[in-house]
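K.L.:
One structure is given below, represented as structure tokens, and several questions about it will come after.
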Amino acid sequence: MLPGQVPLDLIGPLQVLHSAQRHCEGISIRYFGPCASLDWLGPLSLSGIEPLPVRVESWDLLLVPGQYRRGIDPAFQSACVDWLRRGAAGADTLMAVCSGALLLGEAGLLDGRRCTTHHTLLDRLRDVAPGAQVQGDCIFIEDGPVLTSAGISTGVDTMLHWVTRRLGHRLALGVAREMVLYLRRSGQEPQLAGWLEGRNHVDERMHRLQDALCERLRERWTLEDMAEVAVMSERHLRRRFVEVAGMSPLDYLARLRLQLARQLIEETPWSLARIAEEVGLGGDRQLRRAWKRYASGSPGEWRRSRAG
């Protein structure tokens with residue numbers, strides 16, 4: 001927490017976490033910085049800020065929001081950079097929104113990593129972090145334990161990505177629906193595409209069906225089963241699903257199964273036959289057939305690329 005904090009850089013990611021708290025117990029949030037309170041937005045101020053921890057502590061996530069340049073206090077800035085050099089080591093994931101990446105860069109935490117920031121600050125980030133690989137063609141970038149984003153509204157996308165990684169796609173979808181958001185991706189994370197496609201709508205019945213498909217992938221779904229969940233006729237379901245999701249409900253189901261298969265190939269040593277059974281595709285022959293239809297390469301090539 002630093003002077004000059006960009007409101008949405010803080011509130012966007014924070015709202016995602018608060019929504020996640022309603023879906024998952026055990027999430028706690030702390031705020032700390034070099035001063036106990038901040039002038040923030042017009043007559044509004046922020047207080048209750050803890051001092052920067054003296055010892056290195058353990059966090060699942062350490063978030064550094066961006067700041068407006070005119071609101072920066074050089075003394076506090078220097079103190080925060082010094083603390084990050086020591087304290088960031090305790091975080092499983094380090095996330096910077098917008099100009100927060102400049103602080104990470106000054107602390108040497110972006111050296112050798114791909115990263116991004118607001119488009120107006122890309123050259124400045126290159127100056128303060130000459131050892132980093134700065135990119136400007138994406139919403140956010142994940143490189144190892146470090147997440148950086150283009151700033152402002154993209155802090156929401158970045159936090160949703162972290163929630164997906166840490167707490168699962170189902171919880172992230174629930175958060176996005178509660179916030180009336182469309183889950184986006186950076187262009188750098190194609191493995192998330194299967195969970196994100198077809199959810200850019202507000203049709204409650206279709207969301208209910210999509211949630212049920214996500215939760216029960218192993219079941220033998222028929223169009224009749226889907227229509228029952230959506231509470232509509234099969235004919236109406238086919239037409240409406242294509243309207244809101246851009247694909248048929250059976251195509252959507254196949255893409256979900258393929259996405260889960262990708263994850264299991266990457267995260268487990270299981271055989272293709274076992275993975276196919278786990279995702280509801282029956283056997284490895286059906287898995288290969290679905291892969292050929294909806295993805296490039298092959299399951300074996302995917303496993304080899306992930307291992308490398």
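The values are calculated or read from the model by the stated rules, or taken from the named source; none is laboratory data. All values reported here derive from a predicted model rather than from experimental measurement. So basically every Cβ, Gly included, is an ideal-geometry build from the backbone, and we count neighbours across all protein chains shown.
K.L.:
Could you run through segment 91-108 and say how many residues are surrounded by fewer than 19 Cβ atoms within 10 Å (Cβ to Cβ) and not hydroxyl-bearing (Ser, Thr, Tyr)?
P.N.:
Count: 2.
K.L.:
Take segment 257-308 and flag every residue that is closer than 20 Å to Arg165 by Cβ and of a type in the set (S, T, N, Q).
P.N.:
Listed by number, the residues that qualify are Gln259, Gln263, Thr268, Ser305.
K.L.:
A further question on this structure: Give, as residue ranges, the helices (runs of 4 or more DSSP H) completely inside segment 157-237 that count at least 1 residues that are farther than 15 Å from Arg255 by Cα, at pLDDT 90 or above and not assigned by TED's automatic domain parsing to the domain that holds Cys98.
P.N.:
Passing ranges, in order: 204-215, 223-230.
K.L.:
In this structure, does Asp60 turn out to be of a type outside the set (Ser, Thr, Tyr), touching a residue at least 12 places away in the same chain (Cβ under 8 Å), assigned by TED's automatic domain parsing to the domain that holds Val146 and over 19 Å from His18 (Cβ atoms)?
P.N.:
no
K.L.:
Here is a follow-up. Across segment 238-274, what is the number of residues that are in a helix (DSSP H, G or I), aromatic (Phe, Trp, Tyr) and touching an Asp or Glu at 6+ places or on another chain (Cβ under 8 Å)?
P.N.:
1
Matching residues to (1) among the β-branched types (Val, Ile, Thr); (2) more than 28 Å from Ala172 (Cβ to Cβ):
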| site | (1), (2) |
| --- | --- |
| Ser19 | no, no |
| Cys24 | no, no |
| Arg30 | no, no |
| Ser45 | no, yes |
| Pro51 | no, yes |
| Val54 | yes, yes |
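K.L.:
Then there's this: Could you please find all residues in segment 142-156 being within 14 Å of Leu121 (Cβ to Cβ) and either within 10 Å of the chain's Cα centre (by Cα) or not in a loop (DSSP other than H, G, I, E, B) (or both)?
P.N.:
Answer for segment 142-156, where residues must be within 14 Å of Leu121 (Cβ to Cβ) and either within 10 Å of the chain's Cα centre (by Cα) or not in a loop (DSSP other than H, G, I, E, B) (or both): Thr148, Ser149, Thr154.
K.L.:
Determine, yes or no, whether Ala88 is assigned by TED's automatic domain parsing to the domain that holds Gln135, modelled with pLDDT under 95 and buried (at least 18 other Cβ atoms within 10 Å of the Cβ).
P.N.:
For Ala88, the condition - assigned by TED's automatic domain parsing to the domain that holds Gln135, modelled with pLDDT under 95 and buried (at least 18 other Cβ atoms within 10 Å of the Cβ) - is met.
K.L.:
Taking segment 244-262 as the search range and keeping residues that are farther than 16 Å from Thr222 by Cβ and in contact with a helix residue (DSSP H, G or I) (Cβ under 7 Å, 6 or more places away or on another chain), which one is surrounded by the fewest Cβ atoms within 10 Å (Cβ to Cβ)?
P.N.:
Among those that are farther than 16 Å from Thr222 by Cβ and in contact with a helix residue (DSSP H, G or I) (Cβ under 7 Å, 6 or more places away or on another chain), it is Val244.
K.L.:
Follow-up question, since we're still on this one. Just name the residue that is nearest to Arg165 (Cα to Cα) out of those in segment 240-256 that are of a type in the set (A, V, I, L, M, F, W, C) and within 25 Å of the chain's Cα centre (by Cα).
P.N.:
Leu256
K.L.:
Starting from segment 285-308, take each residue that is assigned by TED's automatic domain parsing to the domain that holds Thr268 and within 16 Å of Leu260 (Cα to Cα) and list its partners that are at pLDDT below 85 and not small (Gly, Ala, Ser), counting only C-beta distances under 6 angstrom and pairs at least six apart or across chains.
P.N.:
What qualifies is Arg306/Glu266.
K.L.:
Six or more apart or on different chains, Cβ under 9 Å: which pairs go from a residue in segment 15-39 that's touching a residue at least 24 places away in the same chain (Cβ under 8 Å) to one that's in a loop (DSSP other than H, G, I, E, B) and among the hydroxyl-bearing types (Ser, Thr, Tyr)? Could you list them?
P.N.:
From segment 15-39, the pairs are Leu38/Ser47.
K.L.:
Asp39 is checked against (1) exposed (fewer than 15 other Cβ atoms within 10 Å of the Cβ); (2) within 22 Å of the chain's Cα centre (by Cα) and fails just one. What number does that condition carry?
P.N.:
Result: Asp39 fails condition (2) only.
K.L.:
Continuing with the same structure: Could you check segment 7-65 and list, in sequence order, the residues that are within 24 Å of Arg165 (Cβ to Cβ) and touching a strand residue (DSSP E or B) at 6+ places or on another chain (Cβ under 7 Å)?
P.N.:
Within segment 7-65, Pro13, Arg30, Tyr31, Phe32, Trp59, Asp60, Leu61, Leu62, Leu63, Val64, Pro65 qualify.
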